[in-house]
Amino acid sequence: FGSRPHSSRGAPTQHWPQAPLPFFAMGLKYGAAYMMAVLAGKEAPSAGDIQKILESVGAECDASSAEKLVAELEGKSVHEVVAAGKEKLKGFGGGGGGGGGGGGGA
């Protein structure tokens with residue numbers, strides 16, 4: 001495995017996993033554009049729909065990333081995918097309540 005990179009203080013630096021999740025690898029803009037197309041009434045957006053949305057706001061679009069996303073979501077309802085994702089996030093727990101205010105007495 002070789003030596004691990006270290007910060008200037010000698011502590012090991014943290015790295016992302018070798019094989020990042022597809023959405024992180026391609027960037028959230030593709031998922032966001034896909035969702036915008038769904039909200040606009042497209043039940044199954046195409047890579048072309050994603051490209052059109054991204055280019056409309058001046059963002060670059062990598063056709064292979066858009067096609068990969070469309071292929072991953074083919075035959076799936078985006079609403080079900082979001083609901084399944086929300087279920088997975090429940091395991092992370094909540095932020096919890098903030099500390100109580102300091103009621104200062106005299």
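Accessible surface of Ser64, taken over heavy atoms with a 1.4 Å probe and every protein chain present, rounds to 70 Å².
Sequence-ordered 3J(HN,Hα) estimates for region 65-79 from the Karplus curve with 6.51, -1.76 and 1.60 and θ = phi - 60° stand at 5, 5, 5, 5, 4, 4, 5, 5, 9, 4, x, 10, 7, 4, 5 Hz, glycine and proline given as x.
Phi angles across region 30-40 convert, under the Karplus curve 6.51 cos²θ - 1.76 cosθ + 1.60 with θ = phi - 60°, into 3J(HN,Hα) values of 5, x, 5, 5, 4, 5, 5, 5, 5, 5, 7 Hz, Gly and Pro given as x.
If R0 equals 25 Å, the separation of the Cβ atoms of Lys88 and Leu39 corresponds to a calculated FRET efficiency of about 0.65. Using a simple spin-label model with pseudo-atoms 7 Å out from Cα toward Cβ, His79 and Glu67 lie 3.1 nm apart. When the residues Val57, Val70 are ordered by accessible surface, computed with a 1.4 Å probe over the protein chains alone, the sequence from largest down reads Val57, Val70. The H on the amide N of Asp62, modeled in the peptide plane, is under 5 Å from the matching H of no residue at least 5 residues off or on a different chain.
The values are calculated or read from the model by the stated rules, or taken from the named source; none is laboratory data. Values in this document were obtained by computation on a predicted structure and should not be read as measured data. Neighbour counts are summed over all protein chains in view; Cβ atoms, including those assigned to glycine, are modelled from backbone coordinates with ideal geometry. Side chains included, ligands, DNA and RNA excluded: accessible areas come from the protein's heavy atoms. Shrake-Rupley method; radii C 1.70, N 1.55, O 1.52, S 1.80 Å.
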